[in-house]
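Quick notes on the structure that follows.
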Amino acid sequence: MTLYRAVLQFVEDGPAVTGEWKDNPAAARATYKGWVGLYTHDPAVVVQFVAEEDDRTRRIIRKWAVDREVITEEGDPL
């Protein structure tokens, strides 16, 4: 089972608003995309789309920080 998360921080390494979905990357991806559209006008905001496996292995699939997106898994459709 994979847990997918959308993570929103108004400052990097600050408190986070998190949405979590078990085995549903589409919902986490849609939330990530929505948060990017709503909140990234402020350059301090960080938004992440993350997958966590049962063994606690955590992968950042996409990350938006300082006016740019970093895609760590090239095959991820958005």
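The values are calculated or read from the model by the stated rules, or taken from the named source; none is laboratory data. Just so it is clear, the model here is predicted, and its values are computed rather than measured. Note: ideal-geometry Cβ built from the backbone for every residue, glycine included; neighbour counts use all protein chains shown. Side chains are part of the model used for accessible areas, which takes the heavy atoms of the whole protein and leaves out ligands, DNA and RNA. Shrake-Rupley method; radii C 1.70, N 1.55, O 1.52, S 1.80 Å.
Tell me which label goes with the value of Cα extents along the principal axes in Å computed from the coordinates here: [x] 39, 23, 19; [y] 34, 26, 18; [z] 89, 40, 27.
This structure yields the entry labelled [y].
Within region 43-57, which residues have the backbone N less than 18 Å from the label spot 7 Å out from ASN24 along Cα→beta-carbon, could you tell me?
Under 18 Å, as judged by backbone N against the label point of ASN24, lie 49-53 of region 43-57.
Can you list the HN-Hα couplings for region 4-17, worked out from phi with the Karplus curve (6.51, -1.76, 1.60; θ = phi - 60°), rounded to whole Hz and with x for Gly and Pro?
Couplings: 9, 10, 10, 10, 10, 10, 7, 9, 4, 6, x, x, 10, 9 Hz.
Relative to the longest principal Cα axis of the chain, at what angle does helix 25-39 sit, 0 to 90 degrees, rounded to 10?
10
If packing is taken as the mean number of other Cβ atoms within 10 Å per residue, what is the order of 14-22, 52-60, 40-48, highest first? Let's see the in-between values first.
Details: 14-22: 13.0, 52-60: 10.4, 40-48: 16.3.
Per-residue mean Cβ counts within 10 Å order the peptides as 40-48, 14-22, 52-60.
Carbon and sulfur atoms: what percent of the 1.4 Å accessible area of region 1-64 do they account for? It would help to have the intermediate numbers written out before the result.
Numbers: 1880 of 3560 Å².
Using a 1.4 Å probe with all protein chains present, region 1-64 comes out at 53 percent carbon and sulfur.
With a probe of 1.4 Å, find how much accessible area region 21-78 has per residue, and write the answer as a whole number in Å². Before the final figure, lay out each step's value.
Numbers: 3500 Å² over 58 residues.
On a per-residue basis, region 21-78 sits at 60 Å².
Rounded, prolate or oblate: which fits region 1-45, taking a ≥ b ≥ c as square roots of the Cα gyration tensor eigenvalues, rounded meaning a/c under 1.5, else prolate when a/b beats b/c? Please list the in-between numbers first.
Working: a/c = 3.85, a/b = 1.71, b/c = 2.25.
Because a/c hits 1.5 or more and a/b fails to exceed b/c, region 1-45 counts as oblate.
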